[in-house]
Amino acid sequence: DFKGQKLAEQIFQGIIFVSAVIGFIYGYITEEFGWTVYIFMAGFVLSCLLTLPPWPVYRRNPLRWLPVQEGGTEEKKQGDRKPKRHVKN
């Protein structure tokens, strides 16, 4: 559902942003760029684990689909179709 997708996107972006800020600050203090990358990657993995699987929290508002209509699904007859134009190069 759309509300679940919005929630997943907000969680994903929030975790990515927080891990980037924490990684930058920690990497700046320790003067090690590697720690910045490791913390950012850990935030990415955590956000993927929380948002990619179809958790029940993201499926609380299912979409209501229209019922199938029997009369509107007739196939076109062969004569009703427009002929295809083939362009020679």
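K6 fulfils the conditions (1) more than 12 Å from the chain's Cα centre (by Cα); (2) of a type outside the set (S, T, N, Q); (3) open to solvent by 90 Å² or more (accessible area, probe 1.4 Å) except for a single criterion, (1). Set side by side, the residues I15, I11 differ, and just one is surrounded by 14 or more Cβ atoms within 10 Å (Cβ to Cβ) and under 14 Å from the mean Cα position of the chain (by Cα), which is I11. Does G27 satisfy the criteria of being assigned to a helix (DSSP H, G or I), modelled with pLDDT under 95, touching a helix residue (DSSP H, G or I) at 6+ places or on another chain (Cβ under 6 Å) and not β-branched (V, I, T)? Here the answer is no, as G27 does not meet what is asked.
The values are calculated or read from the model by the stated rules, or taken from the named source; none is laboratory data. All of these numbers come straight from a predicted model, not from anything done at the bench. Every residue, glycine as well, gets a Cβ built from its backbone with ideal geometry; the counts of neighbours run over all protein chains shown. Ligands, DNA and RNA are excluded from the accessible area calculation, which covers all protein heavy atoms including side chains. Shrake-Rupley method; radii C 1.70, N 1.55, O 1.52, S 1.80 Å.
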